Amino acid sequence: MINSGAFAYVDLLTSSADYSWKRNEVLNSNIANVDTPGYKRQDVSFESVLSAAVAKGSSLSNNLTKTVRDINYNHVKPTVYTDNAELSYRIDGNNVDIDVEQIELASNQLYYEAVTDSMKMEFDRFKAALNTK
């Protein structure tokens, strides 16, 4: 099973969980700074980084099928960026909307739960495969 790609999906889920964890930290920071004058909302980019890694991985594998097995997960890291830094609807220059942040936080928590549930199901499949006689 070494280098078989059997754990490629688990690697993808691990990267997704790392992204969600980092996004949770960033969203909580936004909420904590809702009243800080001049603070600019931050968010985390993951989908574009993952897409680039899939494209690069599939070009290296010399086939047309893009698979999670071809991704180098060392380069798939969530990236924090400042969202709409030049825009602000408030006089103090802060562009954090507490309602948006709370909705994004709740959505991110559901995403994290889905990823961890998927990881559990994947390991349950491995366990079931190992227990068959």
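Within the same chain, aspartates and glutamates fewer than 8 places from Lys127 are excluded, and of the rest, those with a Cα less than 20 Å from its Cα are Asp11, Asp117. Taking label positions 7 Å along the Cα-Cβ direction at both Ser29 and Glu86, the computed distance is 2.3 nm, reported to one decimal.
Solvent-accessible area of Asp83, all protein chains in place: 40 Å² (probe radius 1.4 Å, heavy atoms, ligands and nucleic acids excluded).
Heavy-atom accessible surface of Val100, to the nearest 10 Å², is about 60 Å², with a 1.4 Å probe and all protein chains retained. Listed values for the stretch 36-42 are Karplus-derived 3J(HN,Hα) couplings in whole Hz (6.51 cos²θ - 1.76 cosθ + 1.60, θ = phi - 60°), namely 7, x, x, 5, 10, 4, 10, and x replaces Gly and Pro.
Taking 0.36 nm per residue of sequence separation and subtracting the Cα-Cα distance, how much length would be gained by fully extending the chain between Phe123 and Asp97, in nm to one decimal?
Numbers: separation 26, 0.36 × 26 = 9.36 nm, distance 3.90 nm.
Residue separation times 0.36 nm, minus the Cα-Cα distance, leaves 5.5 nm.
Take the Cα of Thr116, go 7 Å toward its beta carbon, and the backbone nitrogen atoms of the stretch 16-36 under 15 Å from that spot belong to 16-25.
The values are calculated or read from the model by the stated rules, or taken from the named source; none is laboratory data. All values reported here derive from a predicted model rather than from experimental measurement. Here Cβ is always computed from backbone atoms with ideal geometry, including for glycine, and neighbour counts include all displayed protein chains. Note: areas computed on protein heavy atoms with side chains; ligands, DNA, RNA excluded. Shrake-Rupley method; radii C 1.70, N 1.55, O 1.52, S 1.80 Å.
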